[in-house]
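The values are calculated or read from the model by the stated rules, or taken from the named source; none is laboratory data. Computed from a prediction, not measured in an experiment: that's the story for all the values here. Using ideal geometry, Cβ is built from the backbone for each residue, glycine included, and neighbour counts are taken over all protein chains shown.
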Amino acid sequence: MINNEKEQLLSFIRENNSNKPLVSNTLMQALQYTTDSMKAKALLNEMLEGNLGGLNQETLSFIIRFLEKKGFIKNIGKEEQNNYLEDNNIENTDLEELQELRHSYKILIAENRKLQENLERLVKENQFLKETVFTLDKNDLIEIPDEDICELYVKYVTEGIKEYKKAFVINEIIPKTYYKIKRREK
Amino acid sequence: MTNFNLIEEYKGIFVEQTKEKLGKTNFILDNIQSAQEIIGKTFLEWDQKEDIALYLSLFGASSPRSLYFYFAVLKRFAEFVSEEIGQLPPKYKMPNLQDENILNYNNLAKKTLTYQQYIHIKNQLTILKNGVEANIRDKVIFELAWAGLTNEEIKLLKEENITFIYNELGLEVAILEMKNRVQRIEDLELIDDIKKCMKEKFYYVETKSGVMKKMSYREVPYLIKPVKIGIPKKEGYLNNPGLALQKTFRGQGIICEGIDMDYLSLEDVRRSKLIYLLAPQNEKYFDLETVRGIFNLKTTDSLKWLKDVAKEKYIEGK
């Protein structure tokens, strides 16, 4: 297969000998997919002299696929000649697709960050709730003497005062007993 | 004489008098302090190569160039303190900087691109706006660094100093005339991108809310143009193309496996190309002398250690 590909390439160069810029530009474009331009130029010079020794199998196969795609040589249609372009995702240089991928990547990163923040918040809340277990203790029960309630009742109706000693008015009600919520530091 | 507090005593006055950059100098002086503690001698008494080697190894540097800098600061500081306290400055012995205990080859690997990685990043730098390629400027900065131009050369490259010709094979070539040298560009895609960059009128910036903002370039003679924002600078060029590119790397979330994109500088990209040319499989085409010429270096000394790095990076079949 290697010999076959080498022959194909050499015949492309020979057949288009009269149009040097076409041969050079086509081969240079193909080479640049796998090789830096400085080395590609050196390889191109060798190729034009009929020396393909500098090309490895991978590059050679790629050039043949490239020439087939451009319609310079006929597709020899051998399955075993792997479609280098497709196998190596060269088609994926499709820019729109690349941008789309990049965009979804960014969204994923942002979502991940949000989830992470949510998780951290929930862990904190959970920890806080764990520490805040409320049990009824009669010692904590605050009971207001009847005299204080009477006093506040009169003050509220006449002067609008809402608090008197430990008694208070809430929603037009004066509670007789209540518990105080004890807040802990987070 | 074992005064471990010399650094603390003279730090402030040294920075003030020599006008060194504060953050960087503090970082270096901190490492001198740590090395003192490990070696058990003040920095004025470091008379062995090993002492200097230990001090330099604390930086985890990835190039001899930065090590020379750390060595130079140590020397300057030692001379300064010696004069202040009235004694002769120490004579430091330079160790072999390519010693793997001093240079951090792992860090270097994370900043060295292969050709495939270069192409991978370059493709990500291509963005489309209404079906047309946009922000070619950033891509060109990256490509020019790979072609061998320094940050300074990219910054000062004027459009009038770029000529397009056809070579003997019928291939288009761009000739870049710079202050001290001329560079031939034979990369067809780069030539095309330079032409597009010359015509480019707008630059798109993605705001934090994800909206694309269109900004005009300033009309300046330089290839790499700054955008119209703030008060125009007299010089007209984009102050730091490398920094602009790094912002794009971050803004566009550009990734490349095995490469620390957050810290990839133009110098790293340029060095990567150098390493690529020095790879064993390219030896036939690029010997040390050729590479020296391409990169406009005075000697091949600094290339020898990079050749070893290239061997590691481009092992057969990689």
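Observations, loosely collected:
- In the condition set (1) in contact with a strand residue (DSSP E or B) (Cβ under 9 Å, 6 or more places away or on another chain); (2) over 30 Å from B:Leu278 (Cβ atoms), B:Asp138 is compliant with all but (2).
- Flag if B:Thr112 is more than 9 Å from chain A (Cβ to nearest Cβ) and either assigned to a strand (DSSP E or B) or small (Gly, Ala, Ser) (or both): no
- Filtering the stretch B:263-288 to residues that are part of a loop (DSSP other than H, G, I, E, B), within 12 Å of another protein chain (Cβ to nearest Cβ) and in contact (Cβ under 8 Å) with a residue 24 or more places away in the chain leaves B:Leu278, B:Ala279.
- Residue match in the stretch A:14-28 (condition: more than 10 Å from chain B (Cβ to nearest Cβ), of a type outside the set (S, T, N, Q) and either farther than 19 Å from B:Asn282 by Cα or touching a strand residue (DSSP E or B) at 6+ places or on another chain (Cβ under 9 Å) (or both)): yes
- Cβ pairs under 7 Å, 6+ apart, first in the stretch B:81-101 and within 12 Å of B:Glu45 (Cβ to Cβ), second aliphatic (A, V, I, L, M) and assigned to a loop (DSSP other than H, G, I, E, B): B:Ser82/B:Leu88
- Looking only at the stretch B:232-252, and only at residues there that are among the small types (Gly, Ala, Ser) and either away from every other protein chain (no Cβ under 14 Å) or in contact with a His (Cβ under 9 Å, 6 or more places away or on another chain) (or both), the one that is farthest from B:Leu113 (Cα to Cα): B:Gly236
- Filtered by the rule that a residue be loosely packed, with under 11 Cβ neighbours inside 10 Å and either of a type in the set (Phe, Trp, Tyr) or modelled with pLDDT of 80 or more (or both), the stretch A:126-142 gives A:Asn126, A:Phe134.
- Residues of the stretch B:207-224 that are in contact (Cβ under 8 Å) with a residue 40 or more places away in the chain and over 28 Å from the mean Cα position of the chain (by Cα): B:Met212 alone.
- For the stretch A:143-165, a residue qualifies if it is in contact (Cβ under 8 Å) with a residue 24 or more places away in the chain and either touching a Cys at 6+ places or on another chain (Cβ under 6 Å) or exposed (fewer than 14 other Cβ atoms within 10 Å of the Cβ) (or both), and exactly one does: A:Glu143.
- Test for B:Val291: is it under 15 Å from B:Phe142 (Cβ atoms), among the β-branched types (Val, Ile, Thr), surrounded by 16 or more Cβ atoms within 10 Å (Cβ to Cβ) and within 14 Å of chain A (Cβ to nearest Cβ): no
- Residue within the stretch B:300-307 that is buried (at least 17 other Cβ atoms within 10 Å of the Cβ) and either of a type in the set (D, E, K, R) or within 14 Å of the chain's Cα centre (by Cα) (or both) present: yes
- B:Gly236 meets all of the listed conditions (1) at pLDDT 90 or above; (2) in contact with a Phe, Trp or Tyr (Cβ under 7 Å, 6 or more places away or on another chain) but one, namely (1).
- Qualifying residues in the stretch A:39-58 (those that are part of a helix (DSSP H, G or I) and of a type outside the set (D, E, K, R)) - the one nearest to the other protein chains (Cβ to nearest Cβ): A:Ala42
- Only one entry in B:Leu67, B:Leu56 is surrounded by 14 or more Cβ atoms within 10 Å (Cβ to Cβ) and either touching a residue at least 40 places away in the same chain (Cβ under 8 Å) or in contact with a strand residue (DSSP E or B) (Cβ under 7 Å, 6 or more places away or on another chain) (or both), namely B:Leu56.
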